[in-house]
Structures are given as C-alpha cells and as structure tokens.
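Structure, as structure tokens:
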Amino acid sequence: MALPAHIRIQAAGAQLLYALPRPLRRLVAGRPVRIDGQELSLDAQLLLRLQRLSGTSLVQGSVERSRKSLDLSRHLVSGPPVQPVLTREVAIPAPHGEIPATLYTPEGLPTGSGLLVFYHGGGWVVGSRRSHDNVARFLAKHAGVRVLSVEYRLAPEHPFPAAQEDALTAFDFAHEKAGDLGADPRRVAVGGDSAGGNLAAVTAQVTTRRGGPSPAFQLLLYPGVDATRHRRSRELFADGFFLTDEHMTWFIDHYAPAGVDRSDPALSPLLAEDFSGLPPAYVATAGFDPLRDEGEAYAAKLADAGVPVALSRQSDLIHGYANFLGVGRRFREALAEAAGALRVGLSHPASE
C-alpha cells in the first residue's frame, strides 16, 4: 500500500531533523527536561516535539481511528526493515479458529535455535504484528534467535481475558511445534512491550503454576503489571511523554470494562501471591514513563522470590522506545541491550 504523501513528507522531515548537528537539534527540542533526578535524552525530547508539531497521539478518539493512525505513524519512526531476516506466516490453532503469527528467522541461523514468542504492545486495543515488525526483526537479528510474533485478539471486540488466552495458546503451540519452527523446545522465551509485556508475564506465571512446559526466559519491556492503582511515576509523567494517564485509562477501560476484577493476577500479575520458580527475566523500564514504577516493583517481586532478574531502567527514555528504531541512536541502543539479554537468556537450554 502506498503511503499518503503527508506521511512520506513527515518521515523525510524527521530524518533531516535528526541529521542536524546537535546544537541545532537542541535548539528545536528546547531546554533539557529534568524530572525526578533524570534528564530526558535529546533523541526522545526531539521525538516528543515532532509529535506535538504533527498533532499525532497514541489515542485518536475512536478505536478505529487510533488503530489506523498507529499503522500509519509507525512509518515515521520505525526505520527501514532490519535485514537480512526471513519471514513466514504461521497459523496457530485455537478454540475460536486460528491465531495469525509471523515467524522471523535471521538469515543463516541454524536449526535448534532459541525462540522468542513475542506479544506486541498497544494497550490490548491497538498495535499489531505490522506495528512491531521492526522490533521483531531487530530482536531476531541481534539476539540470534527466531521470533514468533503473535496477532492476539484485541479489545473492545475481544475484552479480557481473550488476549491472555491467545498468548497462552501461542506459547503452548511454540513449545509443542518448536522443531517445526526450527527451534529448541528447551529454549522458548516469552516477551513483549507494554501490554505485550503484561501478556508475557502472565503467561510465565500461568505455565509455571500449572506444571509442564514453561518459558525458559522472560523479556519484559516497560510492562503494565497492575491495573488496580496509580503509582508515583503515573502522576509524575501523566502528560507530555507519549503515553499519558488518559491513554492508560482509555486502554484499560476497553480491555477490562465494568464487571472485570482488575485485581485478577491474569490481568495484574504484580498481585500474584507466588513468584517462586518463575523463569529468569530481563525487565526494562523507561525513566519518563507512567508505567515505570510498577515495572520496577515487578522486578523487585521476582528478585525477592529468588528469581534471577536483571532490571534496567533506561532513565532518559520514554514509553514505547522499542518502536523508535528509525530516529536517532538512543532508542536502538536501549533495544540492543534487550537483545543482548535475550541472547544470553536463551544461550543454554532450560531444564524441563
């Protein structure tokens, strides 16, 4: 599909802006932003300025408009497709039909590799395999693993627990069919960003508690893990840093409408009673993110339960940084760290 002219123009403008000398970029971005002992990176501040100038927002009124807007705006920031990465479509059998997925394989990767089952972000309402195509490509190439990106059902058409049911189904499929996917069933991880991080964390909990196959590793990028309360970071960064307090309310109201118990660990995994025995994890948070504090609380709970966990606060970044690979350098650096953690986390088979 041909991109609209205004999107092509904005994308070209963004590339020109990020290519300017640093003093000029600082002039456009404005004075440094410092909150809670952190300074926002110039790359992130410049992106926020571009967002304000273009009038784009993560939520655009209706669900339909928000999904369409995200599908178009990704072309402004995601960058050219990471190569060489091969893709093929996979249909995951499910009680309600099939769950579409895409398998990403770095060129030349031998069979028997690790595999990441990846759940995209978007508040369980927006986002898709398309919106996170380059995230999956980047992780596949730089971690040296296969990535199975899952098109789970979205709210409000399919409210909680539909997305979680699909996430669990996708992991079970990936583990059972790992050989067909070219992977080692002992090295299957779960991961995702934001709402996808929520789905990955819950999948790890459910599979661990039921017995039988469970993930070898968790890759949790700025996950949403508690739908019951507002922490300090949600107040500090309620507006002006891409994901807002208003957006978060809009997302959770669509995914878990009236009548849903938001303290259910399948929705709020931070509230689970038992964290023992969960897979090792890499938990990344962004300093200027309303979700920062709950993600760090989750890492603390894992550590307290004796689970090996690496917590990495990207103190100068904003929510969604994994998707901004096409502008500046700072976002790629942060996701490269996550890819390195995934590579290490899947370097040895897990015991079953």
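Observations on the structure shown:
- Looking only at the range 177-187, and only at residues there that are touching a residue at least 12 places away in the same chain (Cβ under 8 Å) and among the charged types (D, E, K, R), the one that is most open to solvent (accessible area, probe 1.4 Å): 186
- Candidates 37, 30, 55 - the one that is among the small types (Gly, Ala, Ser) and touching a helix residue (DSSP H, G or I) at 6+ places or on another chain (Cβ under 9 Å): 30
- Pair list, Cβ under 6 Å, 6 or more apart: the range 325-351 residue of a type outside the set (Val, Ile, Thr) and open to solvent by 30 Å² or more (accessible area, probe 1.4 Å), other residue assigned to a loop (DSSP other than H, G, I, E, B) and at pLDDT 95 or above: 330/41; 332/325; 343/144; 350/216
Here is a yes/no grid of residues against (1) under 22 Å from residue 286 (Cβ atoms); (2) more than 24 Å from the chain's Cα centre (by Cα); (3) of a type in the set (Val, Ile, Thr):
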residue	(1), (2), (3)
9	no, yes, yes
12	no, yes, no
24	no, yes, no
27	no, yes, no
38	yes, no, no
41	yes, no, no
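- Yes/no for residue 166 being of a type in the set (Asp, Glu) and outside any helix (DSSP H, G or I): no
- Residue count for the range 133-153, restricted to those that are in contact with a helix residue (DSSP H, G or I) (Cβ under 7 Å, 6 or more places away or on another chain) and part of a loop (DSSP other than H, G, I, E, B): 4.
- One residue from 322, 286, 256, 281 being open to solvent by less than 10 Å² (accessible area, probe 1.4 Å), closer than 19 Å to residue 200 by Cβ, in contact with a His (Cβ under 7 Å, 6 or more places away or on another chain) and small (Gly, Ala, Ser): 286
- Selected residue [assigned to a helix (DSSP H, G or I), closer than 27 Å to residue 233 by Cα and either open to solvent by 70 Å² or more (accessible area, probe 1.4 Å) or without any contact (Cβ under 8 Å) to a residue 24 or more places away in the chain (or both)] from 70, 53: 53
- Residues (touching a strand residue (DSSP E or B) at 6+ places or on another chain (Cβ under 9 Å), crowded, with 21+ Cβ neighbours inside 10 Å, touching a residue at least 60 places away in the same chain (Cβ under 8 Å) and β-branched (Val, Ile, Thr)) located in the range 93-149: 105, 117, 135, 145
- Test: residue in the range 204-219 that is buried (at least 24 other Cβ atoms within 10 Å of the Cβ), outside any loop (DSSP other than H, G, I, E, B) and of a type in the set (Phe, Trp, Tyr): no
- Selection status of residue 155, more than 27 Å from residue 336 (Cα to Cα), free of Cβ contacts under 8 Å to residues at least 24 places away in the same chain and of a type outside the set (D, E, K, R): no
- Of note, residue 61 satisfies the criterion of being open to solvent by 20 Å² or more (accessible area, probe 1.4 Å), more than 14 Å from residue 320 (Cα to Cα) and small (Gly, Ala, Ser).
- Here the range 26-50 is the region considered, the condition is being part of a loop (DSSP other than H, G, I, E, B) and touching a residue at least 12 places away in the same chain (Cβ under 8 Å), and the residue that is surrounded by the most Cβ atoms within 10 Å (Cβ to Cβ) is 41.
- Subset of the range 241-253 (residues that are of a type in the set (S, T, N, Q) and open to solvent by 40 Å² or more (accessible area, probe 1.4 Å)): 249
- Residue 23 falls short on exactly one of the conditions (1) part of a helix (DSSP H, G or I); (2) modelled with pLDDT under 95; (3) open to solvent by 50 Å² or more (accessible area, probe 1.4 Å), and that condition is (2).
- Across the range 319-343, the number of residues qualifying as part of a loop (DSSP other than H, G, I, E, B) and either over 15 Å from the mean Cα position of the chain (by Cα) or small (Gly, Ala, Ser) (or both) comes to 5.
- Within the range 289-318, considering residues that are part of a strand (DSSP E or B) and open to solvent by less than 40 Å² (accessible area, probe 1.4 Å), the one nearest to residue 339 (Cα to Cα): 312
The values are calculated or read from the model by the stated rules, or taken from the named source; none is laboratory data. Computed from a prediction, not measured in an experiment: that's the story for all the values here. Cβ coordinates were reconstructed from backbone atoms using ideal geometry, including for glycine residues, and neighbour counts include every protein chain displayed. Ligands, DNA and RNA are excluded from the accessible area calculation, which covers all protein heavy atoms including side chains. Shrake-Rupley method; radii C 1.70, N 1.55, O 1.52, S 1.80 Å.
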